[in-house]
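Below is one structure, written out as structure tokens, with a few remarks after it.
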Number of protein chains: 2
Amino acid sequence: MSAAGPDAAALRTLTTPARLTRFFAPRIIALIGASESSAWARNVYQGLALTGSTDGIRVVNPSGRSFFGIPAAASIGDLDDAPDLAYLFVGPDRVETALREAAAVGVRNAVVLAAGFSEAGEAGLERQRRLAALAVELDMTVLGPNSLGFVRPGVAAPYGSGIRGPLLKGSLGLVLQSGSLTSALMPFALGRGIGCSLLAAVGNEAVVSSMDVFEYLIDDEDTRAVGLFLETLREPHRFMELAFRALERGCPVIVLKAGRSDAGKRAATAHTGAIASDDAVVDAAFRQAGVIRVDSLEEFVTTAGLMATQTRWPDGRRMAVVTSSGGGSNLIADCASEQGFDLTAMSPATAAQLRAALPPFASVQNPLDVTGAWMSSAGASVTKPEDNALALMAADSEYDLVVHVMTALPQDEPADRGGVEARIAGLAELMRDAPVPAFTLSLVSLPLGEYPRELLARTGIHLLGGIELGIGAIAHGVRWHERREPLLAAGRATAMRRPLVANPPAPAQEGVWSEHDARIWLGGFGVPFVPVELVGSASDAAAAADRLGFPAVVKVCQPGLAHKSDVGGVVLRLQT
Amino acid sequence: MSAAGPDAAALRTLTTPARLTRFFAPRIIALIGASESSAWARNVYQGLALTGSTDGIRVVNPSGRSFFGIPAAASIGDLDDAPDLAYLFVGPDRVETALREAAAVGVRNAVVLAAGFSEAGEAGLERQRRLAALAVELDMTVLGPNSLGFVRPGVAAPYGSGIRGPLLKGSLGLVLQSGSLTSALMPFALGRGIGCSLLAAVGNEAVVSSMDVFEYLIDDEDTRAVGLFLETLREPHRFMELAFRALERGCPVIVLKAGRSDAGKRAATAHTGAIASDDAVVDAAFRQAGVIRVDSLEEFVTTAGLMATQTRWPDGRRMAVVTSSGGGSNLIADCASEQGFDLTAMSPATAAQLRAALPPFASVQNPLDVTGAWMSSAGASVTKPEDNALALMAADSEYDLVVHVMTALPQDEPADRGGVEARIAGLAELMRDAPVPAFTLSLVSLPLGEYPRELLARTGIHLLGGIELGIGAIAHGVRWHERREPLLAAGRATAMRRPLVANPPAPAQEGVWSEHDARIWLGGFGVPFVPVELVGSASDAAAAADRLGFPAVVKVCQPGLAHKSDVGGVVLRLQT
């Protein structure tokens, strides 16, 4: 709604990167209308407590009682110090008053949880327009309405959905048009050691939009990749500009965009009042801007997590795979082939070295199954055959990248941790020193316990969870890396000046355009067509065909007629 | 190799369902050559201990020392009682002697762990043939070589790969050609509350083949669905017969078949000496036999787990979805549409009931997002709006099935467990009593802790993990149910008598057949073709075209020429 709001330019002054930098770093947070009977309020309190201290929490409740052990002020004016941020639990009809009261004591940042705005018919839409106008009037940066808030590990987590801690700090910035996915996303990310620089749920985007947070994150020094969950692209041109800027900065952008299907589009419209977009156009625009598009929540987190940590990408697709699971090597081979990787054979010299190192019954090929033979005598052995083989494969100039399959790690700290920790440290060193980029993955997508997660984090290993998700994430990264230079070289001039996500001018008539009108309009953007003439009679058609040459096609041309062939209006391959 | 073994009919007498029933229910198990320095042996010991008692374990080791606190017998003949099963840890060159010694004391069942058989060149192949012949001579049922053993929860788990307990007993029978996947599969299944009746790793299949275990499981009363991980189909005709028999019995068969790609086929051949099959033929054969084919380990477990527990399937594809996550409803709508479900609107009567029950800003449509409004006052509330809405949607005759999205469950037992337990019991009752089949899923694929897993198991709720995996599993089940009757009606006569997975007779010449030869051969099976004549000159071709009619095609016909059009050997659409 921001674009259609009362004062779009004025709104933008509330949501600049500088304003958002302050917005996302509050020290003192007032919970307006909080009480323990609200699950939202309990969640926000617990989220804030997860960041280490509850000292900055203030509670405002007309009852004046204590909540969460904190004596409530009856009104925000009664607080001793001015909050940096107000989190409003009040209902939609009390939002305006609460914002005015907060502004009166100098508050410039607010999260509005209440629903019942643009997603709720004409009356709600009007209420949201008034909210936006009020934000401008009060010089107030507002996240919401219908927003759960944000999570910034290490700083603050005023978030209305339950977070199962701990909060992992990392380099992934997340922007969600649906905050209700957070309770699913965060535990999934935590179990894969994926931490965030910020997670923001933008709700109905009356003031702060997903694009504002996107813009802020591109230049945020804690952020190395941005993940967006979108139900709609309200500002397509701005999205394309920001995506291109991110590409220039080397900041990968990963988008999970709902609305691929008609049913999904209807659902998106219902949820936050979003107008869904034509999915083929979205797809094409994403490709042109180097955006990584994913299709599921699991793919979103796995891919974004890799993009936020991986710094080296291969310049080719020749992939070596090392595993101790025969069945796993087959599945990886299938998946990697389908993702366009070339599982070429190792050089004869590398093969000879591997044959000397492995048991006689091991097949020395790619993917390499080192077999489980070492298990017959594995006691305190530190290095594993797949780690040693990884070093040999990575040194072979036949390969552009190597993939290592991690054997199961202990979920809890073992009595003798020396063995596993030396092994992981050694593997990390191998991967870091490898002449080509090295990746490691597990055979299925399973969360790690706290002990292995911290062990991997300490050594800098990012473990991809699952064959399809892991190899898929690597493939996304490789394609992103491959396309980046050509897209940058093509440059803004060709890629950005044209309305790639179409905001077409109003058609001459309602409904479906005629092919002739569409052709003229598209031709204006330089889209090429086969030669054509618009004619009014059979004899004119015959004359035009003689001029244009055979074989020829005749089509009926009429506005509003979308499926010409259904009514016999197309005749193909005319030879005379 | 079993089919090519020294005495195929005799081998089959060792692997009948009756023999396997005894094989998979050993009380006394001798670990031959076990010692604590072997990780395999440690795993087998721990696996057996997980079934509750180590009383039945005997250790045989020439050293005569104690292992795992059990005094070892120097030879199997020194044991007080005859083992029901011998698990051989000895190397490949000592397998024969160990089997003879075991047979001498009456042992009729053995697991052979050693590698170095059919996967290891000509010498290994010959060694495997000798092993099979020996099994016949000794009347010994042998699982392996290169087998990790089996897991039968509640009975015995002599298994060489580490199992992170507990062992969940369930109704899914699993047969794996690669046991090394078990350490990935079992924790994934455990976290989703999916239990097994049996998991068997068949290794090189010298004696007991995957088909033997498949046959055993179809009639096993503890088994309701069979999951197969296959690298190859060694006995395609038998597979088709068994799959059809399973279909008759209403026992779903789920197959994860590696070797979709050329690289995957190479890997499969290396791993267990398997000859990989043409994947398109495999696909077609699976469809004809009502087999559910999956592509990833996660899809394998999720789908098989559902098929082993779900008893009601819908007779149509009109799906109602109820969730409290707006973003989730969009993603589910996309996924369900792509899987061929029809997210049709509810009836006006149901819509009116829902509007009365939900907050005014909720959009009453399908998928139904009940919103999180209840959270503002949720204290000890037992029922949730999505549960109530589920009952309304399920009662609407517009729908053939309903899908409920489960809100996050507590991972550990809460102080006040009454609320959550009453809610889950109520939901289970709603689902059981629903007029149409009801399913429940979580937004992402995450494992459950012990508390929620046992709570769901107690109430009979099977929670599907993740949108894509969960909706995908439901879609597999619906298609299986839809196809079952037509496939059974078509019957053995048409579906089974012909070699659907081709074992073609030796071609008249090596290499690529000519189109003419292929046509004659395929025509023999009743495959129809457009009219064709083989001619030897341009004038004969013109005469043939006159007889057959226009438009016509001329192709060059030569054995060994696979890509005729690449050499200009095909001319299409000739009009004269």
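Expressed as a whole percent, the accessible area of the protein assembly as shown that falls on carbon and sulfur atoms is 53 (1.4 Å probe).
Distance from the Cα centre of the range A:349-368 to that of the range A:72-96, in angstrom? First find each Cα centre; the distance between them is then 68 Å. With Cα atoms as the point set, the range A:8-307 shows a radius of gyration and Dmax of 18.3, 56 Å. Taking Lys and Arg as +1 and Asp and Glu as -1, the other residues whose beta-carbon sits under 15 Å from that of A:M346 total -3. Pairs from the table (B:K265/B:K555; B:K169/B:K257; A:K169/B:K257; B:K257/B:K555; A:K169/B:K169) lying more than 30 angstrom apart at Cα are B:K265/B:K555; A:K169/B:K257; B:K257/B:K555; A:K169/B:K169.
Seen from B:A114, the other residues with C-beta closer than 12 Å to its C-beta sum to a net charge of -1, counting Lys and Arg as +1 and Asp and Glu as -1. Buried area at the B:A interface is about 5400 square angstrom, summed over both chains, from accessible surfaces computed with a 1.4 angstrom probe. Annotation for A:G77, label-to-label distances across the other copies: 10.2 nm (shortest first, one decimal, point 7 Å from Cα along Cα→Cβ). Distances between equivalent label points of B:E421 across the copies, with each point positioned 7 Å along Cα→Cβ, amount to 4.1 nm, shortest listed first. Once divided by 2.2 N^0.38 Å, the Cα radius of gyration of the range A:292-448 becomes 1.05. Helix-only arithmetic for chain A: the sum of -39500 (n - 2.57) across DSSP H runs with n ≥ 4, divided by the residue total, places the mean residue ellipticity at 222 nm at -12000 deg cm²/dmol. When DSSP beta bridges are restricted to pairs lying wholly in the protein assembly as shown, around 15% turn out antiparallel.
Altogether, the Stokes-Einstein calculation at 25 °C and 0.890 mPa s, with the Kirkwood radius of the range B:8-158 over Cα pairs as Rh, returns a diffusion coefficient of 159 µm²/s. Put simply, chain A fits an ellipsoid with semi-axes of 44, 43, 17 Å; these come from the alpha carbon gyration tensor as the roots of five times its eigenvalues, largest first. Taking the alpha carbon gyration tensor of the protein assembly as shown, multiplying each eigenvalue by 5 and rooting it gives semi-axes of 52, 43, 29 Å, largest first. The Cβ shell under 15 Å around B:A391 holds other residues with a net charge of -3, Lys and Arg each +1, Asp and Glu each -1. Of all beta bridges that DSSP places with both ends in the range B:319-461, some 0 percent have antiparallel geometry. Each Cα pair under 8 Å and six or more residues apart adds its separation to the average, and for chain A the resulting relative contact order is 10 percent. In whole angstrom, note down how far apart the Cα centers of the range B:421-441 and the range B:390-410 are. If you average the Cα positions of each part, the centres end up 8 Å apart. Checking buried surface per residue: for the range B:439-469, which residues lose a minimum of 10 Å² accessible area in the protein assembly relative to the chain alone (1.4 Å probe)? By number: B:L443, B:V444, B:S445, B:L446, B:P447, B:E468. Note that chain A presents 39 Å² accessible area per residue, ligands and nucleic acids not counted, probe 1.4 Å.
Each copy carries B:L574; placing its label point 7 Å along the C-beta direction from Cα gives inter-copy distances of 2.9 nm, listed from smallest up.
The values are calculated or read from the model by the stated rules, or taken from the named source; none is laboratory data. This structure is a prediction, so every number in the text was calculated from the model and none was measured. Cβ atoms come from the backbone with ideal geometry, glycine included; neighbour counts cover every protein chain shown. Ligands, DNA and RNA are stripped out before the accessible areas are found, and what is left, the full protein with its side chains, is counted by its heavy atoms. Shrake-Rupley method; radii C 1.70, N 1.55, O 1.52, S 1.80 Å.
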